[in-house]
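The values are calculated or read from the model by the stated rules, or taken from the named source; none is laboratory data. Because the structure is a prediction, the values reported are computed rather than measured. When we count neighbours, we look across all protein chains shown, and the Cβ atoms used for this are built from the backbone with ideal geometry, even at glycine.
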């Protein structure tokens, strides 16, 4: 029997859980652990031993309590195809939708709000695959999920789904906090700026932006103001109008298309904001460029 | 009462300040914008975003209560040097602006270095041949873009020219900004043919040159309205931030020097003559016709200390940089001068003056088993200042320097200021105008409006509010360290190259 078919339990009750596996490996196994895409939203915990893996072409050395977070399209494994001695546990969730070009929707089972799921998807897309060092909490959560499934006590299905939500929220918070901890705010802010520019047409809220840098929205607003001179929403509008200025003068796109592309919900809203900021209507500004 | 509005377009932010007739700061606003690094050696900024940020900051200051009491009579512009923005015939940017920190022209700069051509260009333009220089950047565009693209470029301008163009529709460049392009003859005050030939462009591909007090700029009526100005308010083109910072520190004649340590740093002197360094280590920029600002820039200022703070400062979540900086400095103050015999070379970002070696790298040396974290903190501060001293030592071969005026976030921290004073063995002054680049811009505007007869008289109004006396014992001790420091910086060149090859 291949190593990869050692589920802890039959998962027929949880269609969204593709795998929940605990693997104790007492001897070095050659050719058992090649680099490959395993699919699903996967969370791998190192429980014992030391593993050298290639995760999306990057070499990582993993120690107990390290957690690897992977999107469905990420590949990982041993560069020598070898599975080293030690033990691992992993959970693979099969979201209803999650692709590089598609927003994350976990499925009906999750109680996480839809907007938060989308943000989670965007954060995972930009920051995963990620190794969270020494994050025992996740390993413990995995253990609790496993216990719930095995013991099948009263309302265990509900409890398992709650634990899955908790696991995901914990990981996403840690992703942005680890980011924020290692770098100073300006760097975290620069990363947010990139994310905003990459999806300008998304209706960003302050809460979402705050989550990206791993802060609460009050602290975030304060920090952004003192750092940038703008409130978070004004900063965002600034980027939107800057992009619109470029498109107005470098493309022949219609005002409505530019408005929608840069995150304005109507060309009216776009025009008034543009005029307020630049002194010109978008039409006047476009003409000015071609004179 | 009338007021002056200064607009300082820096690397990370624009700061808009209002000054009264006596050059007292009465209000300010700022807005930041990011630098993009699409490739490791690239540093670019979005010109539209900078423009919008300028508009936003200006509007919020000029629509404020404050300007009801103070009528803005003049707007004056300062900006970072060395940026390059290609625009087409319609004035539309063809790509993002390439800023001073961009190193894509390394190969071009190295190829030109040490040639006769290089020496001639440097002697005429005063800008050291380095990837920061627009001379090299335009040459890079010439050799790395398709001819069809290069032909579309109507002009190569700076970020400051673009902002002024957006506000007025006029394409002009002040001689101060022009003097930092490596394309401008600082003796004749015209574009330098030899440099233009090397870059591969014609004079008409650059903006028209004007003096720094040029005030024939006309704000578009939409902006007059947006800013709630009267059409009588003058627009003065202004100078570069480096020249303004020197003026605003009160230094426009020989005898004194300014030391700036912000994220990067520089030591500057002013004078009627250029400094002719055969090794081409100093810049000579033009403040106005007749006054040169000369000196050396260092890459490794506060940014190096911030690096230390981030790596070794604290492990708490949501680390507050300013708080941690202060905590570390308290620890460092308890260590006597010399960090227990440990020495730090701060070349984390390669170095410009005085080494001009992009491959220079950092090192702690002399570490022994008794050294603690606090010694490393102290050594880091001292290393940044030894580097400044190595610029100052060379500058003093050309100019005598009595007093040092310091500015910038880091230089004015008490520990930095005291170590500066001790290492140089000179009295160090902190001025009442903390933001000397904006103060310098205000002084130019006030001089133009007739409040002061000339810049020299304007500079004399700057007052010092704090000073640091050198401790002779520490100075003697530091002299031994700076000697080792200078020797090591030279001696390690080969090993720096070898290490860079591994990075």
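Quick rundown of the values:
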item: Residue that is farthest from the other protein chains (Cβ to nearest Cβ) [pool: residues in the stretch B:16-45 that are in contact with a helix residue (DSSP H, G or I) (Cβ under 6 Å, 6 or more places away or on another chain) and not in a strand (DSSP E or B)]; result: B:23
item: One residue from A:44, A:69, A:61 being in a strand (DSSP E or B), surrounded by fewer than 18 Cβ atoms within 10 Å (Cβ to Cβ) and at pLDDT 90 or above; result: A:61
item: Check on residue B:53, closer than 19 Å to residue B:238 by Cβ and within 13 Å of chain A (Cβ to nearest Cβ); result: yes
item: Selected residue [crowded, with 22+ Cβ neighbours inside 10 Å and over 22 Å from the mean Cα position of the chain (by Cα)] from B:334, B:378, B:352; result: B:378
item: Criterion (surrounded by fewer than 16 Cβ atoms within 10 Å (Cβ to Cβ) and either at pLDDT below 90 or within 14 Å of another protein chain (Cβ to nearest Cβ) (or both)) met by exactly one of A:151, A:177; result: A:151
item: Condition check for residue A:161: surrounded by fewer than 19 Cβ atoms within 10 Å (Cβ to Cβ) and either more than 14 Å from chain B (Cβ to nearest Cβ) or in contact with a helix residue (DSSP H, G or I) (Cβ under 9 Å, 6 or more places away or on another chain) (or both); result: no
item: Among residues of the stretch B:1-15, those that are surrounded by fewer than 24 Cβ atoms within 10 Å (Cβ to Cβ) and within 14 Å of another protein chain (Cβ to nearest Cβ), counted; result: 5
item: Qualifying positions in the stretch A:210-228 - assigned to a helix (DSSP H, G or I), in contact (Cβ under 8 Å) with a residue 24 or more places away in the chain and out of contact with any strand residue (DSSP E or B) (no Cβ under 7 Å at 6 or more places or on another chain); result: A:211, A:212, A:213, A:223, A:224
item: Residues that are touching a residue at least 24 places away in the same chain (Cβ under 8 Å) and not in a strand (DSSP E or B), drawn from the stretch B:252-273; result: B:252, B:253, B:254, B:255, B:262, B:263, B:264
item: Test: residue in the stretch B:74-87 that is in contact with a strand residue (DSSP E or B) (Cβ under 9 Å, 6 or more places away or on another chain) and within 11 Å of another protein chain (Cβ to nearest Cβ); result: yes
item: The stretch A:17-33, residues that are surrounded by fewer than 15 Cβ atoms within 10 Å (Cβ to Cβ) and assigned to a loop (DSSP other than H, G, I, E, B); result: A:26, A:27, A:28, A:30, A:31
item: Boolean, residue A:118 is in a helix (DSSP H, G or I) and either out of contact with any strand residue (DSSP E or B) (no Cβ under 8 Å at 6 or more places or on another chain) or at positive phi (or both); result: no
item: Those helices (runs of 4 or more DSSP H) lying entirely in the stretch B:134-237 with at least 2 residues crowded, with 16+ Cβ neighbours inside 10 Å, within 14 Å of another protein chain (Cβ to nearest Cβ) and touching a strand residue (DSSP E or B) at 6+ places or on another chain (Cβ under 6 Å); result: B:159-168
item: Matching residues in the stretch A:72-110 - criterion: being in a loop (DSSP other than H, G, I, E, B), out of contact with any helix residue (DSSP H, G or I) (no Cβ under 8 Å at 6 or more places or on another chain) and farther than 20 Å from residue A:160 by Cβ; result: A:72, A:73, A:74, A:78, A:79, A:80, A:81, A:82, A:84, A:85, A:101
item: Complete set of residues in the stretch A:228-246 that are surrounded by fewer than 18 Cβ atoms within 10 Å (Cβ to Cβ) and under 17 Å from residue A:269 (Cβ atoms); result: A:233, A:234
item: The stretch B:363-381: number of residues that are in contact with a strand residue (DSSP E or B) (Cβ under 9 Å, 6 or more places away or on another chain) and touching a residue at least 60 places away in the same chain (Cβ under 8 Å); result: 5
item: Failed criterion for residue A:137 (all others in (1) in contact (Cβ under 8 Å) with a residue 24 or more places away in the chain; (2) more than 16 Å from the chain's Cα centre (by Cα); (3) part of a loop (DSSP other than H, G, I, E, B) hold); result: (3)
item: Qualifying residue in the stretch B:71-81 (condition: surrounded by fewer than 22 Cβ atoms within 10 Å (Cβ to Cβ) and more than 23 Å from residue B:211 (Cα to Cα)); result: yes
item: Any hit, the stretch A:83-91, residues being within 19 Å of the chain's Cα centre (by Cα), crowded, with 21+ Cβ neighbours inside 10 Å and over 18 Å from residue A:139 (Cα atoms); result: no
item: Pair list, Cβ < 7 Å and 6+ apart or interchain, from the stretch A:185-196 residues that are free of Cβ contacts under 8 Å to residues at least 12 places away in the same chain to residues that are buried (at least 19 other Cβ atoms within 10 Å of the Cβ); result: A:190/B:34
item: Members of the stretch B:46-60 found to be touching a helix residue (DSSP H, G or I) at 6+ places or on another chain (Cβ under 7 Å) and either touching a residue at least 24 places away in the same chain (Cβ under 8 Å) or surrounded by fewer than 22 Cβ atoms within 10 Å (Cβ to Cβ) (or both), listed by number; result: B:46, B:47, B:48, B:50, B:51, B:53, B:54, B:55, B:56, B:59
item: Number of the exception - residue B:295 against (1) outside any loop (DSSP other than H, G, I, E, B); (2) at pLDDT 95 or above; (3) at negative phi; (4) out of contact with any helix residue (DSSP H, G or I) (no Cβ under 6 Å at 6 or more places or on another chain); result: (3)
